[in-house]
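Engineer: After the structure tokens below, expect a handful of questions from me.
The values are calculated or read from the model by the stated rules, or taken from the named source; none is laboratory data. Worth saying up front: this structure is predicted, and the values here are computed from it rather than measured. With ideal geometry, Cβ positions are generated from the backbone for all residues, glycine too; neighbour counts draw on all protein chains shown. Surface accessibility is based on the protein's heavy atoms, side chains included, excluding ligands, DNA and RNA. Shrake-Rupley method; radii C 1.70, N 1.55, O 1.52, S 1.80 Å.
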Amino acid sequence: VIVDLVATLFLESQEKIENAEEAIQQGKWAASIYYSYQSMVNSAKALLTAEKQKVNTHASIIKDFDELYVAAGKIAFEGGFEKIALQLNQNEPSEAFAKSYLEDAKTVLERLEAYRKLELEHA
């Protein structure tokens, strides 16, 4: 049985987004923010895995993703992926931030899945 690890990682990212939404409904801002962060890093990990890159730490995933995809012009994120992913370090856990960060996580997942789909279609 061949498991598509990249597809599995994207599925896990979607599950983290669902967890983030549930946490918001329960008023658990910090938990929601963490799930959103995990989703973003996991989505980046999916594409890096497809490129056979090492994906050992969150810091290296974020840095490598910025280098291989954002800096290379393959996927656009204003200010870079790191700026989006690490917003949780500059913001207090509030309802407003949890909701905007969740939207960022959804955008990341959508863009990365779309990129992967195009990549497979042109393979």
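Engineer: Restricting the range 74-98 to residues that are among the aromatic types (Phe, Trp, Tyr) and either in contact (Cβ under 8 Å) with a residue 60 or more places away in the chain or assigned to a helix (DSSP H, G or I) (or both), which is surrounded by the fewest Cβ atoms within 10 Å (Cβ to Cβ)?
Structural biologist: Per the criteria, the residue is Phe97.
Engineer: Select from the range 1-16 the residues that are among the β-branched types (Val, Ile, Thr) and open to solvent by less than 70 Å² (accessible area, probe 1.4 Å) and write down the one among them that is modelled with the lowest pLDDT.
Structural biologist: Checking each candidate, the answer is Val6.
Engineer: Separate question: Being without any contact (Cβ under 8 Å) to a residue 24 or more places away in the chain, open to solvent by 10 Å² or more (accessible area, probe 1.4 Å) and in contact with a helix residue (DSSP H, G or I) (Cβ under 6 Å, 6 or more places away or on another chain) narrows it down to one of Asn19, Asn56, Asn42, so name that one.
Structural biologist: Of Asn19, Asn56, Asn42, the one residue that is without any contact (Cβ under 8 Å) to a residue 24 or more places away in the chain, open to solvent by 10 Å² or more (accessible area, probe 1.4 Å) and in contact with a helix residue (DSSP H, G or I) (Cβ under 6 Å, 6 or more places away or on another chain) is Asn19.
Engineer: Among the candidates Tyr115, Tyr37, Tyr69, Tyr101, which residue alone is surrounded by fewer than 19 Cβ atoms within 10 Å (Cβ to Cβ), among the aromatic types (Phe, Trp, Tyr), touching a helix residue (DSSP H, G or I) at 6+ places or on another chain (Cβ under 8 Å) and assigned to a helix (DSSP H, G or I)?
Structural biologist: Tyr115
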